[in-house]
Amino acid sequence: MNLFTQVKTLIYKDVLLEWRSKYAINSILLYVVSTVFVCYQSFKSVDSPIWNTLFWIILLFAAINALSRSFLQETGSRQLYYFSIVSPQAIILAKICYNSFIMLLLSSTAFLVYNLIFSNEVGHWGIYMLSILLGSISFATVFTMVAGISAKAGNNSTIMAILSFPVIIPLLIVLINLSQQGVIGGNFEASWKDISVLLAINVVTIAISLLLFPYLWRD
Amino acid sequence: MRKNWWKILALILVASSIVAGFLGPVPVLPILHETIRNVYFHVPMWFTMISLYLISVIYSVKYLNTGKRAYDLMAVEAVNTGILFCACGLMTGMLWANITWGAPWPNDPKLNGSAIATLMYLAYLVLRNALEEEQKRAKISAIYNIFAFPIMFVLIYILPKLNDSLHPGSGGNSTFGDLDMDNYMRPVFYTAVVGWILIGVWITTLRYRVRLIEDKKNSL
């Protein structure tokens, strides 16, 4: 099997496993919706910069909760089995793709509920949607690798948080900048710099993950 | 002598940069006045920190390739010394900021970036403590170290250039090198940079050797 088929099979396996239990995805969707309600009950109404920032903070915590369980199933003998049939690059690529998909679902649901409850004017829908898309992919790429590391450290949730927060902060700053451009109705020329920084960080993160994951995986 | 000449060179460079830095002439500029001398002390701290983190990443890569424990010890001691220099850099910076900007910690991307980068390396040390098994600890922390380095670079050097920042050299501001440093300041500044980097490497090698001896004693 070449890399592409391996990745496809692994993604299919993850989706199938998730679809059979539906436990993880339902619980995380419920988590997002309840967090939005908690914020709504405490803030009642917010002005637009806080509206934007609050959305990203809700997404950040939801993402940490959703993606820290990426490697929960791959333990012990199952890992040995994968090791004998697929390459480690295929595993990390499949996890990144699957997690991006999960994050897209999560952030679009979160945005729908959030925008319904805290209604706010978005000036430029294109930029805002693009920032959500890029944000989902960035969260997925960074958190997948960190989840892999923290899984090796015994799946400790504190370790996951302290390892990933400093790494995600630059991304979060750029994302908040970009989506703020979307809220105030800026144009693509003004946000081009932010978009290219996000893409560059993503490319670098994926490249490093591909290089480092084989070492992480081999016990 | 053949092995130790660079330690003596480090001492001479740092000592001469301190003397020349405090006594030498500086250009008379508004707001800055004499505080421009801080460039001899504050900037070299950060250069040393970056060099030490770079050394740490190189030894982490070496560890992953060979699996020799000594490389892992070198990587962690370089980070330990780097954090020390980072603390010195933050403190000299805050001293300067208090005079020129009016507050030790204004909300500025350069300052926040460096603080967050420090959090990242403290997390590296916590991760090491969380892992009991030695080989596993060395491997996983090496992976995190390599993973964190480019992000640290983005935080300290790229993000402040994109946002509005008060700090010289970012947010559209010129660096001191472009405008304010005259031809007397430049050699003193480079002397200080080289001297402090050598001092940092010296501290690292000392700590590394102590660590090696401890390690040998424990394994007996």
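The values are calculated or read from the model by the stated rules, or taken from the named source; none is laboratory data. This structure is a prediction, so every number in the text was calculated from the model and none was measured. Because the Cβ atoms are built from the backbone with ideal geometry, glycine has one as well, and the counts that use them run over all protein chains shown.
Among all residue pairs at least 6 apart or on different chains, which show Cβ distances below 6 Å where the first residue, located in segment A:105-125, is more than 16 Å from A:Val46 (Cβ to Cβ) and the second is among the hydroxyl-bearing types (Ser, Thr, Tyr) and assigned to a loop (DSSP other than H, G, I, E, B)?
Nothing qualifies.
Please determine whether any residue of segment B:31-52 is assigned to a helix (DSSP H, G or I), exposed (fewer than 12 other Cβ atoms within 10 Å of the Cβ) and modelled with pLDDT of 90 or more.
For segment B:31-52, residues assigned to a helix (DSSP H, G or I), exposed (fewer than 12 other Cβ atoms within 10 Å of the Cβ) and modelled with pLDDT of 90 or more: absent.
Quick one: would you say A:Ser196 is buried (at least 22 other Cβ atoms within 10 Å of the Cβ) and either among the aliphatic types (A, V, I, L, M) or more than 9 Å from chain B (Cβ to nearest Cβ) (or both)?
So A:Ser196 fails the test.
Please list, ordered by residue number, the helices (runs of 4 or more DSSP H) wholly in segment A:1-98 having 2 or more residues that are modelled with pLDDT under 90 and among the acidic types (Asp, Glu).
A:3-21
Considering only segment A:191-205, I want to know if a residue exists there that is closer than 17 Å to A:Phe61 by Cβ and of a type in the set (Val, Ile, Thr).
There is no residue in segment A:191-205 that is closer than 17 Å to A:Phe61 by Cβ and of a type in the set (Val, Ile, Thr).
What number goes with the only condition from (1) closer than 30 Å to B:Gln135 by Cα; (2) more than 14 Å from every other protein chain (Cβ to nearest Cβ) that A:Tyr114 does not pass?
(1)
Kindly indicate whether A:Leu72 is surrounded by fewer than 21 Cβ atoms within 10 Å (Cβ to Cβ) and in contact (Cβ under 8 Å) with a residue 40 or more places away in the chain.
So A:Leu72 passes the test.
Going through A:Ile132, A:Ile159 one at a time, which residue ends up being more than 20 Å from A:Thr53 (Cα to Cα) and either within 11 Å of chain B (Cβ to nearest Cβ) or touching a Phe, Trp or Tyr at 6+ places or on another chain (Cβ under 8 Å) (or both)?
A:Ile159
Test of understanding: among A:Tyr31, A:Tyr40, A:Tyr98, which residue is aromatic (Phe, Trp, Tyr), more than 14 Å from the chain's Cα centre (by Cα) and closer than 26 Å to A:Ile162 by Cα?
A:Tyr31
Is segment A:150-158 home to any residue that is out of contact with any His (no Cβ under 8 Å at 6 or more places or on another chain), without any contact (Cβ under 8 Å) to a residue 40 or more places away in the chain and in a helix (DSSP H, G or I)?
Checked segment A:150-158: at least one residue is out of contact with any His (no Cβ under 8 Å at 6 or more places or on another chain), without any contact (Cβ under 8 Å) to a residue 40 or more places away in the chain and in a helix (DSSP H, G or I).
Hey, can you tell me all the residues within segment A:199-219 that are facing chain B (nearest Cβ under 9 Å) and over 13 Å from B:Ile143 (Cα atoms)?
A:Ala200, A:Ile201, A:Val204, A:Asp219
Within segment A:182-192, is even one residue touching a Pro at 6+ places or on another chain (Cβ under 9 Å), at negative phi, in a helix (DSSP H, G or I) and within 12 Å of chain B (Cβ to nearest Cβ)?
no
Collect the residues in segment A:20-40 that are of a type outside the set (Val, Ile, Thr) and more than 14 Å from A:Ile58 (Cα to Cα), keeping them in residue-number order.
Correct list: A:Arg20, A:Ser21, A:Lys22, A:Tyr23, A:Ala24, A:Asn26, A:Ser27.
Would you tally the residues in segment A:40-68 being surrounded by fewer than 16 Cβ atoms within 10 Å (Cβ to Cβ) and either of a type outside the set (Val, Ile, Thr) or touching a Cys at 6+ places or on another chain (Cβ under 8 Å) (or both)?
Residues flagged as surrounded by fewer than 16 Cβ atoms within 10 Å (Cβ to Cβ) and either of a type outside the set (Val, Ile, Thr) or touching a Cys at 6+ places or on another chain (Cβ under 8 Å) (or both) within segment A:40-68 amount to 9.
Matching residues to (1) surrounded by fewer than 18 Cβ atoms within 10 Å (Cβ to Cβ); (2) farther than 26 Å from A:Glu189 by Cα:
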{"residue": "A:Leu93", "(1), (2)": "no, yes"}
{"residue": "A:Leu105", "(1), (2)": "yes, yes"}
{"residue": "A:Thr109", "(1), (2)": "yes, yes"}
{"residue": "A:Glu121", "(1), (2)": "yes, no"}
{"residue": "A:Ser157", "(1), (2)": "yes, yes"}
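Just to be sure I understand, how many residues within segment A:104-141 are part of a helix (DSSP H, G or I), of a type in the set (Phe, Trp, Tyr) and more than 16 Å from A:Tyr31 (Cα to Cα)?
Number satisfying all stated conditions: 3.
Can you tell me which residues in segment A:165-177 are crowded, with 22+ Cβ neighbours inside 10 Å and more than 9 Å from chain B (Cβ to nearest Cβ)?
A:Leu175
State which residue pairs qualify: first residue more than 8 Å from chain A (Cβ to nearest Cβ) and inside segment B:109-135, second residue outside any helix (DSSP H, G or I) in any location, beta carbons under 6 Å apart, and separation of 6 or more residues or different chains.
Pairs that qualify, where the first residue is more than 8 Å from chain A (Cβ to nearest Cβ) and the partner is outside any helix (DSSP H, G or I), are B:Lys110/B:Ser165; B:Lys110/B:His167; B:Lys110/B:Ser170.
Can B:Ile156 be described as more than 9 Å from chain A (Cβ to nearest Cβ) and in contact with a Ser or Thr (Cβ under 6 Å, 6 or more places away or on another chain)?
Taking the combined requirement at face value, the residue satisfies it.
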